[in-house]
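Comments concern the structure below.
The values are calculated or read from the model by the stated rules, or taken from the named source; none is laboratory data. Bear in mind the structure is a predicted one, so any value in this text is a computation, not a measurement. All Cβ positions, even for glycine, are placed from backbone atoms using ideal geometry, and neighbour counts span all protein chains on display. Only protein heavy atoms, including side chains, enter the accessible area calculation; ligands, DNA and RNA are left aside. Shrake-Rupley method; radii C 1.70, N 1.55, O 1.52, S 1.80 Å.
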2 protein chains.
Amino acid sequence: MSAKFSFQHLASCSQTKARAGVFFTPHGPVETPRFMPVGTLANVKTLTPAQLQDTGAQMILCNTYHLHLQPGEAIVAGGGGLHKFMGWNGPILTDSGGFQVFSLSEMRKISEEGVTFRSPHDGQIINLTPERSIEIQNILGADVIMAFDECPPYPASREDVEAATQRTYRWLERCVVAHQRSDQALFGIVQGGVYLDLRCDAAIALTKLDLPGYAIGGVSVGEPPELIAKIVQATAPLLPPEKPRYLMGVGTYREIAIAIASGVDLFDCVIPTRWARHGTAMVQGDRWNLKNARFREDFTPLDETCPCYTCQNFSRAYLSHLVRSQEILAYTLLSIHNITELIRFTQRIRKAILEDRFLTEFAQWLTPESGECSVDKDSGLIED
Amino acid sequence: MSAKFSFQHLASCSQTKARAGVFFTPHGPVETPRFMPVGTLANVKTLTPAQLQDTGAQMILCNTYHLHLQPGEAIVAGGGGLHKFMGWNGPILTDSGGFQVFSLSEMRKISEEGVTFRSPHDGQIINLTPERSIEIQNILGADVIMAFDECPPYPASREDVEAATQRTYRWLERCVVAHQRSDQALFGIVQGGVYLDLRCDAAIALTKLDLPGYAIGGVSVGEPPELIAKIVQATAPLLPPEKPRYLMGVGTYREIAIAIASGVDLFDCVIPTRWARHGTAMVQGDRWNLKNARFREDFTPLDETCPCYTCQNFSRAYLSHLVRSQEILAYTLLSIHNITELIRFTQRIRKAILEDRFLTEFAQWLTPESGECSVDKDSGLIED
């Protein structure tokens, strides 16, 4: 690992594989386990960087695919790189665009070289390869960049997933060669779909490349939560303990807690901001539709124990009024709360791990629920 | 005037009727002349109270008509009154609903008693009278409340305007009787359309009621800016100098400057926030569409001399990117800037008046321009 990045292991749970640590980056530390808010188009939807900072956010995620299409990496670089352009001086991670190319693009053609697709902005033909994705990410300038991977859908045949997983490995080797900046850490991504032996093979193969961090990708594409749990339980422990582990596109309280119990450190998901824009608050494990009649005259805060700006200043009745009136401020205030809530959830788990109380305190969250599923699949340009 | 309200006259321009002062309210002082941001539905669209405070906002305006329909004054009162409900501890003014009833409602019936109309929310028949408007405003609890007036359209016959103006006066007498709270100041509204003699008669009649403040209403309803200027020039000097004067629903740099030169102290308009939501920035008297190609790679702030959060942290290129991407954050950042800009404009004028430099420094703004017109007429429920 470059001297600019290091992972400090602080404590391990004595009953699960959960761990607490610190991931150091050129733009500051990330206390793990930690939820990372999603800032698709160089902003976490509805929030200023000042508001985002107040949620407790440390590392945030931006999307290479979206930023390449609009405004284009050259403009981000012209603005001094992603941090300066968007006014976020904390750590940033960019995904590689792989997930979006496979889930959003029409007219997609995959070859060993890379992927060709039509831009939803102007219909232009765009060619994305491992080299091009890394080049774009080098230009954007995030602290952590992700390998360009092939992300098979769910369901997919074992044969197709095996081919995609092997290609992802060959593409990763090309990413390593293409990567140019020592102030950026390139993470590899374990694919393998729901086939646990493919996942394990991939994890072991990737580990040999001695990358500064590893991610588990290709989950949250429509498979049931029990399968996500199984994939993570099988894969995470095989990844090198001295490196950060990142579960991509997850998720809910439950999915996060289960992954932490398997040794995962980092998470991202659009749920807190997307739900906020639908008038939904995340409160102590529940989700509340603020349009519900019971909130109309409820003058208590969303959560009396929550330190966020929203809970400190406004009542459920006021939020309900704003949601009913379709006021943009509703989405901002709910985004502030929801992100704070999910970050606090990972902070509370971290503290419990440091004090070895994780299993006793969070046992209720450690069984997957079939009803709950983080759906990252249908994300469009506006919708994160 | 109640002991809780007073107007301190600090300076007069030696060449115009412009004046600088302080209007004291139970929730703090308002340095005049001053622009008041509009917070229709108990929020200034897209902004938190903290962001609003940073723009330099002192008094803000909320709409009785809109708040009566949603969430209803009982819920606002249940939340501790308007200040506490919306988290704004500075001065607040509510309009009476008169303007909205006349410009927005369908199925409207006017009688001497009041106005009957159909709620656009649920089709329910609503009856608004001077007494009812004041009762609602007493319940909402703003610092300044406005008399319920009949606001004739433009154009309208002299006969119709005369009848409306006389009815407005009779309604004002009923408002005075109905008003119950000494911690709220009731302002009268001068009507009279574009008929200057009617305006003058109304101003003189209202003055005899010795109210704590006076407004000029019924402008910005589609008439050319030259006429607004003439109305204000004829009316404002007739209003008592020891009371604050408020020009309702105005406006642009030019309309504000002209009104200040006639002795007006307070202004409100939806332009800064509405334009922001259309991707338009107000910069030193100009208006810029951020989608314009020239901003795509312009890495300077909107206005280097502006102290607002937006100008201190973001480039035109970033704002252009957000507007092109239809990101809500664009509207927040532009609202912050536009409101700051218009308040700073009135602050700069105030300083110039205090130093008797107003006419020399602001001469360029003192002629009405036919192209520029503050359109408050078409405001709908969502659109302020």
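Annotations
- For the range B:277-365, the average shadow cast by the Cα convex hull is 5.8 nm², which is a quarter of the hull's surface.
- All alpha carbon pair distances within the range A:1-91 were sorted into 5 Å bins beginning at 0; the resulting P(r) in whole percents reads 3, 12, 20, 20, 18, 14, 7, 4, 2, 1.
- Bins of 10 Å from zero: percent of alpha-carbon pairs in the range B:1-159: 10, 34, 32, 20, 4, 0
- Copies compared at A:Asp122 - label distances in nm, ascending, label defined 7 Å from Cα in the Cβ direction: 5.1
- Compared with the dominant principal axis of the Cα atoms in chain A, helix A:225-235 is inclined by about 50°.
- Tilt relative to chain A, helix A:158-178 - C-alpha long axis, 0 to 90 degrees, to 10: 80
- The 3J(HN,Hα) values that the Karplus relation (6.51, -1.76, 1.60; θ = phi - 60°) gives for the range B:140-156 are, in residue order, 4, x, 5, 5, 10, 10, 10, 5, 7, 10, 9, 10, x, x, 10, x, 8 Hz. Gly and Pro appear as x.
- Antiparallel bridge percentage (DSSP; both residues within chain B; nearest 5): 50
- Burial ranking of peptide ranges A:84-93, B:164-173 (average Cβ count within 10 Å, highest at the top): A:84-93, B:164-173
- Radius of gyration and maximum dimension Dmax of chain A, Cα, Å: 19.9, 60
- Inter-copy spacing of A:Asn289 label points, which lie 7 Å from Cα along Cα→Cβ, given in nm from shortest upward: 3.9
- In the assembled protein chains, B:His278 presents an accessible area of approximately 110 Å² (probe radius 1.4 Å).
- Take the accessible area of chain B alone and of chain A alone, subtract that of the pair, and you get about 3200 Å² summed over both chains, using a 1.4 Å probe.
- A:Val176 exposes around 60 Å² of accessible area when a 1.4 Å probe is run over every protein chain in place.
- The value obtained for the protein assembly as shown, namely the Cα convex hull volume divided by the number of residues, is 160 Å³ per residue.
- For the rotational copy pair A/B, the chain A residue whose Cβ lies nearest the symmetry axis, together with its distance in Å, is A:Ile328, 3.
- Label-point spacing for B:Asp210 across the identical copies (point 7 Å from Cα in the Cβ direction), in nm and ascending order: 9.1.
- Inter-label distance, B:Thr360 to A:Gln53: 4.2 nm, where each label sits 7 Å from its Cα along the C-beta direction.
- Difference of contour (0.36 nm per residue) and Cα-Cα distance, A:Asn127 to A:Leu196: 21.7 nm
- For B:Cys151, solvent-accessible area (1.4 Å; no DNA, RNA or ligand), Å²: 10
- For chain A, the relative contact order is 19 percent, taking Cα pairs closer than 8 Å that sit 6 or more residues apart in sequence and dividing their mean separation by the residue count.
- The range B:310-316 - phi-based ³J(HN,Hα) in whole Hz, Karplus 6.51/-1.76/1.60, Gly and Pro as x: 5, 5, 7, 10, 9, 9, 4
- Couplings for the range A:350-358, taken from phi via the Karplus curve 6.51 cos²θ - 1.76 cosθ + 1.60 with θ = phi - 60°, read 4, 4, 5, 5, 4, 9, 6, 10, 4 Hz in order; Gly and Pro are left as x.
- Gain on full stretching of the segment that runs from B:Gln180 to B:Asn89 - 0.36 nm per residue minus C-alpha separation: 30.6 nm
- By the rule of a C-alpha distance below 22 Å, with chain neighbours fewer than 8 residues away ignored, the lysines paired with A:Lys230 are A:Lys17, A:Lys243, A:Lys377.
- Residue mean of other protein chain beta carbons inside 10 Å, A:295-303: 2
- With a simple spin-label model that places each label point 7 Å from the Cα along the Cα-to-Cβ direction, the separation between A:Lys351 and B:Asp286 comes to 5.2 nm.
- Once the Cα-Cα distance is subtracted from the 0.36 nm per residue extended length, the B:Ala205 to B:Gln8 segment shows a gain of 68.6 nm.
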